Amino acid sequence: MIFGVIGAGQMGAGIAQVAAQAGFEVFVQDMATEFLARGENTIEKSLARLHEKGRLDGTPAEVLGRIRFTTELHDLAHCDLVVEAIVENEAVKAELFRTLGAIVKPSGILASNTSSIPITALASASGRSDRFIGMHFMNPVPLMALVEVIRGHQTSDETARIVTETAVKLGKTPLICNDFPGFVSNRILMPMLNEAIQCLMEGVADREAIDGIMKLGMNHPMGPLTLADFIGLDTCLSIMEVLHRGLGDDKYRPSPLLRKMVQAGLLGRKSGEGFYRY
Ligand code: CAA
Ligand code: NAD
């Protein structure tokens with residue numbers, strides 16, 4: 001199987017890495033070489049950590065050698081499965097899938113790693129709704145076991161079968177759900193993170209106490225503010241907006257503090273500052 005990944009950010013880099021670790025040939029596309037270089041650097045560092053701990057089959061160079069980095073979408077024309085991991089914006093993703101639908105060979109499956117955007121709408125834009133699916137990896141991809149597989153309204157059984165089998169080949173556990181805003185993962189996770197941000201804004205506790213209470217009290221590996229920084233506050237805001245709009249209930253209203261931080265360019269770990277400095 002030839003694998004394609006669009007977007008070399010934190011998720012795209014991770015998806016390309018696990019596909020290459022599984023032995024697939026991988027093409028990664030992003031808009032500019034600087035974004036590709038940053039993605040390659042992320043993969044190199046992660047592979048080095050896994051290699052040091054004896055958790056990598058083969059050498060980092062062998063794995064990296066299976067990945068080609070390109071700014072040309074046409075280089076993905078022969079891919080059997082293309083996973084999109086670009087910015088969480090429905091209009092931008094739909095435009096990309098309109099283009100990909102015309103470029104990738106007709107038998108190729110198109111998948112989105114979207115956190116919340118309707119799979120059925122992106123499937124329609126691609127012009128191949130039966131061969132379209134949500135393949136939602138978790139961050140950090142090389143370590144997290146889950147792939148949430150989201151069937152769009154017209155996703156075929158064959159497409160769902162191929163994608164779940166591929167997830168298993170990547171060492172992941174696929175779990176299937178239907179196409180509702182935020183799916184299962186972010187319908188449950190993101191309101192919790194949003195509420196933690198609201199607690200900070202209202203002065204219920206300081207950031208260390210909010211994170212500490214959830215870490216020590218609930219045994220979460222990261223506190224909610226640390227996790228929001230880790231995911232990216234722009235992505236968190238986009239997901240809350242999809243939940244708010246899609247489910248039409250004010251309980252999903254994004255915290256004004258989250259909105260303000262994104263307006264200020266404080267996006268979390270990826271911009272160097274969010275609730276914490278990095
Ligand atoms: N690649 C390879 N190895 C990595 C790595 C990476 N990217 N990141 C961390 N590691 C390794 C470390 O080297 C370390 O190895 P050892 O235990 O052998 O020393 C191990 O993983 C643990 O790392 P750390 O000690 O640095 O930190 P940690 O113990 O806190 O673990 C974590 C890191 C696994 C990320 C953990 O904090 C965690 O599980 N956090 C929660 C992550 C989470 O909730 N993800 C889901 C986000 S939501 C989402 O993805 C969906 C969405 O749409 C928004
Ligand atoms: P990111 O900001 O780290 O990376 C996005 C990458 O996409 C950037 O390198 C950017 O240059 C590239 N890009 C943007 N528009 C593009 C286009 N039109 N064509 C090609 N490349 C383009 O974002 P991320 O955190 O990797 O998130 C990517 C996707 O994965 C989003 O849909 C997000 O919701 C989803 N996701 C994120 C997480 C997370 O924890 N961050 C977890 C699961 C899913």
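The values are calculated or read from the model by the stated rules, or taken from the named source; none is laboratory data. Predicted model only: the values in this text are computed from it and were never measured. Please note: Cβ atoms are built from the backbone with ideal geometry, for glycine as well, and neighbour counts cover all protein chains shown. Quick note on the areas: whole protein, heavy atoms, side chains included, nothing else; ligands and nucleic acids left out. Shrake-Rupley method; radii C 1.70, N 1.55, O 1.52, S 1.80 Å.
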*State the three equivalent ellipsoid semi-axes of region 105-202, derived from the C-alpha gyration tensor as the square roots of 5 times its eigenvalues, in descending order and whole Å.*
27, 17, 10
*Per residue accessible area of the chain, 1.4 Å probe, in Å²*: 46 Å²
*GLU148 accessible area, 1.4 Å probe, all protein chains in place, Å² to nearest 10*: 10 Å²
_Accessible-area composition of the chain, carbon plus sulfur, in percent [1.4 Å probe]_ = 54 percent
_PHE180 versus ASP206: modelled label distance in nm, points set 7 Å from Cα along the beta carbon direction_ = 4.0 nm
*Sorted by mean Cβ packing within 10 Å, highest first, what order do the peptides 29-42, 219-232 take?*
219-232, 29-42
*Using helices alone, what [θ] at 222 nm do you get for the chain, with -39,500 (n - 2.57) per DSSP H run of 4 or more residues, divided over all residues and rounded to the nearest 500?*
-15000 deg cm²/dmol
*Wrap a convex hull around the Cα atoms of region 205-278, take a quarter of its surface area, and give that in square nanometres.*
5.3 nm²
_If I take all pairs of Cα atoms in region 1-115, what percentage of them are more than 17 Å from each other?_
51 percent
*Hey, how much of the P(r) for the chain falls beyond 28 Å, as a percent of Cα pairs?*
36 percent
*Take each of the peptides 109-119, 67-77, average the number of other beta-carbon atoms within 10 Å over its residues, and list them starting from the highest.*
109-119, 67-77
*Violating pairs (Cα-Cα greater than 27 angstrom) within the set LYS45/LYS172; LYS169/LYS270; LYS215/LYS251*: LYS169/LYS270
*Taking the Cα centre of region 121-181 as origin and charging only Cβ (+1 Lys, Arg; -1 Asp, Glu), how large is the dipole, in debye to the nearest 20?*
140 debye
